[in-house]
Ligand SMILES: [Zn+2]
């Protein structure tokens, strides 16, 4: 009986992570959740392209084609705006997804670690040398190189802006330390960015709770599932973003009410406020 119990438990645990099989032929792309999922039909970020490089030459630069292209597009956009900019990619996912230590997530092509844009102390843009921890003053000390680097708010903000303004990127989160977030929001406000854009950035950027790491040395960008991807096995979780033009992200529609009904509603005398608020005709 004991072995049967263990067997059932193993089946339940394995059964949680869906993957393509003859029973589920329609599953493809980003399947499951970011912390228990797999990836099919992935795209590897090309080893060379405008405005980016890899921190390490390994097999961890795969994502869904939609997300990979959005990241490449954002890096190219920053390079176009500020020639010579280099976005350094850390880990994304493996070609078929699955566990990617030491990360909890990165399992189904929806997560990317991006090093922060850096300058020298004199303000000369350089490719980020490694995961280096920026303090509230925007400075990071590289122990091996025995050198300080400065957070490049200008380029980092251009990247954040490019990502959250790209409708195909479907950015749900940019996990980053609150000090970095504060500096980027401050930069955006000083640059005269619109309140709507700043509100989006404020919502999307968040410092993760332990044990996920403070993210004062990189950003972790996550794309959500589009409604089309959900049909193929992507399991969304966490908040929807109201500005994304997708049924999954849009706020619930307002009840259909004709102009005449609205006028009647607004014109109701105050003494009838205790009466039922809506007529039967206004019910869905
Ligand atoms: Zn990460």
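Structural remarks
- Condition broken by residue 242, with the remaining ones in (1) touching a residue at least 12 places away in the same chain (Cβ under 8 Å); (2) part of a loop (DSSP other than H, G, I, E, B) satisfied: (1)
Residues are listed down the side, and each one gets a yes or a no for (1) under 18 Å from residue 218 (Cβ atoms); (2) surrounded by fewer than 16 Cβ atoms within 10 Å (Cβ to Cβ):
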site: 38; (1), (2): no, no
site: 43; (1), (2): no, no
site: 46; (1), (2): no, yes
site: 55; (1), (2): yes, no
site: 82; (1), (2): no, yes
site: 86; (1), (2): yes, no
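- Candidate set from the range 73-95 (those that are within 16 Å of the ligand (Cβ to nearest atom) and under 17 Å from the mean Cα position of the chain (by Cα)); member that is farthest from residue 60 (Cα to Cα): 87
- Any hit, the range 16-32, residues being at pLDDT below 95 and in a helix (DSSP H, G or I): yes
- Scanning the range 165-194 for residues that are touching a residue at least 60 places away in the same chain (Cβ under 8 Å), away from the ligand (no atom under 16 Å from the Cβ) and touching a helix residue (DSSP H, G or I) at 6+ places or on another chain (Cβ under 7 Å), we see that the one that is farthest from residue 119 (Cα to Cα) is 168.
- Residues within the range 207-227 that are within 16 Å of the ligand (Cβ to nearest atom), surrounded by 15 or more Cβ atoms within 10 Å (Cβ to Cβ) and farther than 13 Å from residue 161 by Cα, tallied: 13
- Every test in (1) outside any loop (DSSP other than H, G, I, E, B); (2) in contact with a strand residue (DSSP E or B) (Cβ under 9 Å, 6 or more places away or on another chain) is passed by residue 108 save one, and that test is (1).
- The residues of the range 96-123 that are within 11 Å of the ligand (Cβ to nearest atom), in contact (Cβ under 8 Å) with a residue 24 or more places away in the chain and surrounded by fewer than 21 Cβ atoms within 10 Å (Cβ to Cβ), listed by number, are 100, 104, 105.
- Restricting the range 124-139 to residues that are surrounded by fewer than 22 Cβ atoms within 10 Å (Cβ to Cβ) and under 22 Å from residue 208 (Cα atoms) leaves a set whose member that is nearest to the ligand (Cβ to nearest atom) is 131.
- For residue 69: the one exception among (1) more than 16 Å from the ligand (Cβ to nearest atom); (2) within 26 Å of residue 183 (Cβ to Cβ); (3) modelled with pLDDT of 95 or more: (2)
- Among the conditions (1) within 12 Å of residue 39 (Cα to Cα); (2) modelled with pLDDT under 95, the only one that residue 92 does not satisfy is (2).
The values are calculated or read from the model by the stated rules, or taken from the named source; none is laboratory data. Not measured: the values here are computed from a predicted model. Ideal geometry is used to build each Cβ from the backbone, glycine not excepted, and the neighbour counts take in all protein chains shown.
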